[in-house]
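The values are calculated or read from the model by the stated rules, or taken from the named source; none is laboratory data. None of these values were measured; they are calculated from a predicted model. Positions of Cβ are backbone-derived with ideal geometry, glycine not excepted, and every protein chain shown enters the neighbour counts.
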Amino acid sequence: MKKLLFTSAVVLLFVACGGSGNDQKEATKEESKTETPAAPSISDDPVYQEGLALVAKPENLCLTCHKVDEKLTGPAYRDVANKYENTPENIKMLSEKVVKGGSGVWGDVAMPPNPAVNPADAEKMVKYILMLRNK
């Protein structure tokens with residue numbers, strides 16, 4: 001009788017404490033299999049980071065006339081991104097507008113030339129802007 005009581009107590013204790021823990025390990029394995037990894041954020045992209053840094057430089061004056069989601073003097077960057085596909089032709093054309101200036105596309109206010117911005121940096125800025133496209 002003592003053996004039966006002792007065995008029953010050990011079994012109850014074993015069950016109450018969760019057994020060997022294999023069930024918990026297996027459940028954790030199953031959970032990790034079903035979790036989908038988070039999609040990388042565009043802000044993690046080095047092209048995005050480099051373009052943003054160039055746009056934000058005070059000497060480039062970009063943020064004087066533009067914001068990401070609001071029209072100021074010039075169009076919002078997101079509006080530009082939604083208007084132009086991210087193609088090599090558009091990147092080249094928009095980069096030239098950053099350096100040389102432009103007018104007529106977004107209204108009567110002309111974008112002044114930015115001769116201090118070199119063409120390679122202008123291209124990086126445009127690539128950043130085009131990454132802001134609504135999906």
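Structure notes:
- Unmet requirement for V99, which otherwise passes all of (1) within 23 Å of the chain's Cα centre (by Cα); (2) buried (at least 16 other Cβ atoms within 10 Å of the Cβ); (3) not acidic (D, E): (1)
- Looking at A76, A27, A16, just one residue is out of contact with any Cys (no Cβ under 9 Å at 6 or more places or on another chain), modelled with pLDDT under 55, surrounded by 10 or more Cβ atoms within 10 Å (Cβ to Cβ) and of a type outside the set (S, T, Y), and that residue is A27.
- Residue satisfying condition, being of a type in the set (K, R), in contact with a strand residue (DSSP E or B) (Cβ under 9 Å, 6 or more places away or on another chain), at pLDDT 95 or above and over 17 Å from I42 (Cα atoms), within set K97, K92, K83, K67: K97
- If you go through the stretch 107-135 and keep only what is among the β-branched types (V, I, T) and closer than 12 Å to C62 by Cβ, you end up with V117, V126, I129.
- Taking the criterion of being loosely packed, with under 14 Cβ neighbours inside 10 Å and either within 20 Å of A53 (Cβ to Cβ) or touching a residue at least 24 places away in the same chain (Cβ under 8 Å) (or both), the only residue of the stretch 121-135 that qualifies is N134.
- Matching option when the condition is more than 23 Å from the chain's Cα centre (by Cα), on the phi < 0 side of the Ramachandran plot, surrounded by 19 or more Cβ atoms within 10 Å (Cβ to Cβ) and not β-branched (V, I, T), among N118, N114: N114
- For the stretch 103-131, a residue qualifies if it is part of a loop (DSSP other than H, G, I, E, B) and among the aliphatic types (A, V, I, L, M), and the qualifying residues are V105, V109, A110, A116, V117, M131.
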